[in-house]
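Colleague: Starting off with a structure, shown below.
The values are calculated or read from the model by the stated rules, or taken from the named source; none is laboratory data. Everything numeric here is computed off the predicted structure, so don't read it as measured data. For neighbour counting, all protein chains shown are included, and Cβ atoms are generated from backbone atoms with ideal geometry for every residue, glycine included. These accessible areas exclude ligands, DNA and RNA; they are computed on the full protein's heavy atoms, side chains included. Shrake-Rupley method; radii C 1.70, N 1.55, O 1.52, S 1.80 Å.
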Amino acid sequence: MPAMTRRVLIVAIATLLLTGCGVPVDDAPRRVSGRPGPYNSPTAGSADSNAGRVSESLCFIRDDRLGTVVRRVDYLPDVDTHLRHLLAGPGNTERDAGFTSALTGTASVAGARLSGGVAEVEVGGAGDETGRSDQILAFGQIVCTLTSRADVHGVTFRRDGQPLDVPRADGSLSRLPLTGIDYAPLIRRR
């Protein structure tokens, strides 16, 4: 094949390929539906597990161990709202899967705020800090839930604005910022 014919053929093929791979242009914007797929547990009280774009981790109790449940939410809430979702307890699907909460009756949580990467949780009448197992699990739930967030590096507890010593998994008390490592012996392995 002569060189000139070969060049014309190559240019013609390249032109066809380039013009045939274009993205069609619409006259107006069109709605794009979300990708269907399996989602984890629904939010508390919700019957629909397909809602939400981001994951919110909550730590509940199953078989006397801390276990994480991931819910789909539209946006990651602030620390206080995230804690409120935990305090609301497991939803129907989560309860059906055997999850419960140690937070009812062990500590009165007034709220949380984020300060320099540490979530400060204000508690009310937490009772005695003797390290009862339900109390350890309750504090473990809060710590594991809040430290699952990228913006939280530790959790401290306060009562009436004063630092509060809380039990770790081994029963020892600490007022230093706590992380999931402090409750590692109680975390359910998958």
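Colleague: Which one is surrounded by the fewest Cβ atoms within 10 Å (Cβ to Cβ), of the residues in the stretch 57-80 that are among the acidic types (Asp, Glu) and under 17 Å from GLY111 (Cα atoms)? Spell out how you get there, then give the answer.
Modeller: Here is the first cut: in the stretch 57-80, the residues among the acidic types (Asp, Glu) are 63-64, 74, 78, 80.
From what's left, under 17 Å from GLY111 (Cα atoms): 78, 80.
Working: ASP78: 14, ASP80: 16.
Ranking the candidates gives ASP78 first.
Colleague: Quick one: how many residues across the stretch 138-157 are closer than 23 Å to ASP64 by Cα and not in a strand (DSSP E or B)?
Modeller: Adding up the residues that qualify gives 11.
Colleague: Which residues, taken from the stretch 158-181, are within 19 Å of the chain's Cα centre (by Cα) and not in a loop (DSSP other than H, G, I, E, B)? Lay out the reasoning, then the answer.
Modeller: Residues of the stretch 158-181 that are within 19 Å of the chain's Cα centre (by Cα), as a first pass: 178-181.
Matches in the stretch 158-181: LEU178, GLY180, ILE181.
Colleague: Now, a different point. Return yes when GLY125 is open to solvent by 60 Å² or more (accessible area, probe 1.4 Å), over 23 Å from ARG149 (Cβ atoms) and at pLDDT below 95 and no when it is not.
Modeller: Numbers: open to solvent by 60 Å² or more (accessible area, probe 1.4 Å): yes; over 23 Å from ARG149 (Cβ atoms): yes; at pLDDT below 95: yes.
Against the criterion (open to solvent by 60 Å² or more (accessible area, probe 1.4 Å), over 23 Å from ARG149 (Cβ atoms) and at pLDDT below 95), GLY125 qualifies.
Colleague: For residues that are touching a strand residue (DSSP E or B) at 6+ places or on another chain (Cβ under 6 Å), open to solvent by 30 Å² or more (accessible area, probe 1.4 Å) and closer than 19 Å to ALA110 by Cβ, tally how many sit in the stretch 156-189.
Modeller: Summing the residues that are touching a strand residue (DSSP E or B) at 6+ places or on another chain (Cβ under 6 Å), open to solvent by 30 Å² or more (accessible area, probe 1.4 Å) and closer than 19 Å to ALA110 by Cβ in the stretch 156-189 gives 5.
Colleague: Hey, which of the helices (runs of 4 or more DSSP H) in the stretch 1-103, taking only ones fully inside, have at least 1 residues that are within 25 Å of TYR183 (Cα to Cα), modelled with pLDDT of 85 or more and touching a Leu at 6+ places or on another chain (Cβ under 6 Å)?
Modeller: 79-87
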